[in-house]
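Following: one structure in structure tokens, then a few remarks.
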Amino acid sequence: MRETLRTRMGWLHGWVGLVSGLCLLCVFATGTLAVFDTEITRWMQPETEGHFSTHPTDMALSDATTLLRRQQARGIAAFLVLPSVRSPMLEVLHYNGHEFVGDVLDPATGAVIPTRRTAGGKFFYNFHYTLRGGHETGIRVVNMLAMGLLVVVGAGIIIHLHALVPDVVLLRLSTSRIRLWLDVHLLAGVLALPFMVMIAYTGILVHADTIMPAHSLLHETKKGRISSPSALPKPPLQAVPPLSPLLSIAQQNLGGRPCGFILFGPDRMSIFASDAAAPYLTRDHVDFSLPDGHLLGVTLNTGQIATTMQLMHGLHYARFAGPGLRWLYFISGLFGTAVIASGLVLFFMKRRRKSGHLAIFRVAEGLTVASMTSLLTAILAFLWSNRLLPSTLPDRDGMEIDIFFAVWGLGALHALSRSFFGSPLSGWQEQLAAAAIMGCGLPLLDMVSAPQALIHDAAIHMGVDGMGLVAGLVALHAVRCLQARTA
């Protein structure tokens, strides 16, 4: 009975892992990068060099509000993001359908900093939960993949439960290749298991309404029972009073938590608590009337269900995390990515002898190369494009994304062609070589293209350049191992 259960779980673990793993690898890789999305954005906007104050002046707040109101008058739904430790600038942002983009202001003077337009690290954040598809559709797909991951993890635990201690703590470097890959898979799996379960479970809860949507006002609007907001006349935009006193009042009413961003309506404004204030990611806010700044009310979500969901959101997004915990999230994400990648490699190694001649096997193997090495090359190309595209180029943020998908698509075609015509190892070697060159060359590119920013924001630039360099060295080592195997 036990062997029958393990056999069935093995089938479930392998095939569900293959189907979901091809996309989950991309989700985990970009989600891991999204842990440092703000820092990547600052790397991709070297014009923001220097260390600004996290306390904006009255003049800066007034200039930012004036700019925001001008955009609202043109129909742009802009909002004001206040400075923080991770991003010490004022930002007037709006959603363009994929990312939040907008103007960056000096919090001391209120002057608009002429930064290059870039998709920034938010691209990785948005991609990891939408796959850059239709927003609702992409979220549903990723949620289904996350549920598949929980199934795969559960099946894997059942498979190896009988030999949990002796097997999962071994890394036999001198044994067969398939045994070595299995040891890597198990060891990385044990280290990443708590994180993978937590991140998958909380990710599902964050967007649970997309799987089982509740009856909402949207349905009533479509039925004509509620008047469409766009059909109603828009009231004129009221003037905004000085924000500093209102920010102090809001912080007091939010229990001392710092303020994160401000939404402006025609005749009222709402100041929201910062996402980094606590592990509980809330949308608590304080409302003021315009133009007099009279306190209208305080909204605090304190129920047990609301608090539980706030904790789930906070654990998943980790916006409260300091540098140490953020690095722990990042390293855990790398281990999770390694678990999925090694599992995919094992799947094909075990079946190559019996099924390697089948066309479907070759296509699947090519897609695996595309999910691993082509994605890495595309990410590095995305960073390279930020430095190589002219800073004044119109719609350059869109071009960065286009370059990412173009490189990824070409890599996928290359991998599929190599695999389909019987030389998958060549596909691995050539794409890993490209990733090695781009990764190892990233620090040099940054040094040449943004030397001042490298001096003023050394920690951020050394972090991003260092990650690129490590990725390049790992790819180079993999190339040498493959060359030794084929020699």
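Things to note:
- Residue in the range 58-81 that is under 22 Å from the mean Cα position of the chain (by Cα) and either among the acidic types (D, E) or open to solvent by 20 Å² or more (accessible area, probe 1.4 Å) (or both) present: yes
- Selection status of L205, at pLDDT 80 or above, within 30 Å of E400 (Cα to Cα) and under 25 Å from the mean Cα position of the chain (by Cα): no
- Filter pass, I437 being open to solvent by 20 Å² or more (accessible area, probe 1.4 Å) and either modelled with pLDDT of 90 or more or touching a helix residue (DSSP H, G or I) at 6+ places or on another chain (Cβ under 8 Å) (or both): yes
- Whichever residue in the range 242-268 is under 19 Å from A78 (Cβ atoms) and in contact with an Asp or Glu (Cβ under 7 Å, 6 or more places away or on another chain) and, among such residues, is surrounded by the fewest Cβ atoms within 10 Å (Cβ to Cβ): R268
- Note on the range 286-311: residues that are hydroxyl-bearing (S, T, Y) and part of a strand (DSSP E or B) total 2.
- Residue ID - nearest to M467 (Cα to Cα), chosen from residues in the range 378-407 that are among the charged types (D, E, K, R) and touching a helix residue (DSSP H, G or I) at 6+ places or on another chain (Cβ under 6 Å): R387
- If the condition is being in a loop (DSSP other than H, G, I, E, B) and of a type in the set (S, T, Y), then the range 385-407 contributes S391, T392.
- Residue list for the range 269-285, restricted to those being open to solvent by 30 Å² or more (accessible area, probe 1.4 Å) and either outside any loop (DSSP other than H, G, I, E, B) or at positive phi (or both): H285
- Every pair of residues 6+ apart whose Cβ atoms lie under 9 Å, when the first sits in the range 276-305 and is more than 24 Å from P241 (Cβ to Cβ) and in contact (Cβ under 8 Å) with a residue 24 or more places away in the chain while the second is β-branched (V, I, T) and surrounded by fewer than 15 Cβ atoms within 10 Å (Cβ to Cβ): A276/V85; Y280/T307; T282/T307
- Filtered residue count, the range 450-466, keeping only those that are under 16 Å from N386 (Cα atoms), in contact with a Phe, Trp or Tyr (Cβ under 9 Å, 6 or more places away or on another chain) and not acidic (D, E): 5
- Restricting the range 308-356 to residues that are of a type in the set (D, E, K, R) and without any contact (Cβ under 8 Å) to a residue 12 or more places away in the chain, the residue that is most open to solvent (accessible area, probe 1.4 Å): R353
- Residue that is modelled with the highest pLDDT [pool: residues in the range 132-171 that are open to solvent by less than 80 Å² (accessible area, probe 1.4 Å) and either assigned to a loop (DSSP other than H, G, I, E, B) or among the polar types (S, T, N, Q) (or both)]: N143
- Qualifying residue in the range 410-431 (condition: open to solvent by 40 Å² or more (accessible area, probe 1.4 Å), of a type in the set (F, W, Y) and closer than 18 Å to G121 by Cα): no
- Among residues that are out of contact with any strand residue (DSSP E or B) (no Cβ under 6 Å at 6 or more places or on another chain) and either open to solvent by less than 40 Å² (accessible area, probe 1.4 Å) or within 23 Å of W327 (Cβ to Cβ) (or both), A450 is included.
- Failed criterion for T118 (all others in (1) part of a helix (DSSP H, G or I); (2) within 24 Å of A318 (Cβ to Cβ); (3) of a type outside the set (D, E) hold): (1)
- Those residues of the range 422-473 which are outside any helix (DSSP H, G or I) and free of Cβ contacts under 8 Å to residues at least 12 places away in the same chain, in sequence order: S423
- Some residue of the range 364-379 being over 29 Å from Y125 (Cβ atoms) and part of a helix (DSSP H, G or I): yes
- Residue, farthest from the chain's Cα centre (by Cα), within the range 247-268, restricted to residues that are assigned to a strand (DSSP E or B) and touching a residue at least 40 places away in the same chain (Cβ under 8 Å): F264
- Whether a residue is modelled with pLDDT of 90 or more, over 30 Å from G336 (Cβ atoms) and assigned to a strand (DSSP E or B) was assessed, and L67 does not pass this test.
- Residue match in the range 89-100 (condition: modelled with pLDDT under 90, part of a loop (DSSP other than H, G, I, E, B) and surrounded by 17 or more Cβ atoms within 10 Å (Cβ to Cβ)): yes
The values are calculated or read from the model by the stated rules, or taken from the named source; none is laboratory data. Quick caveat, the model's predicted, so the values are computed rather than measured. Cβ: placed from backbone, ideal geometry, glycine included. Neighbour counts: every protein chain shown. The area values use the complete protein model at the heavy-atom level, side chains included, leaving out ligands, DNA and RNA. Shrake-Rupley method; radii C 1.70, N 1.55, O 1.52, S 1.80 Å.
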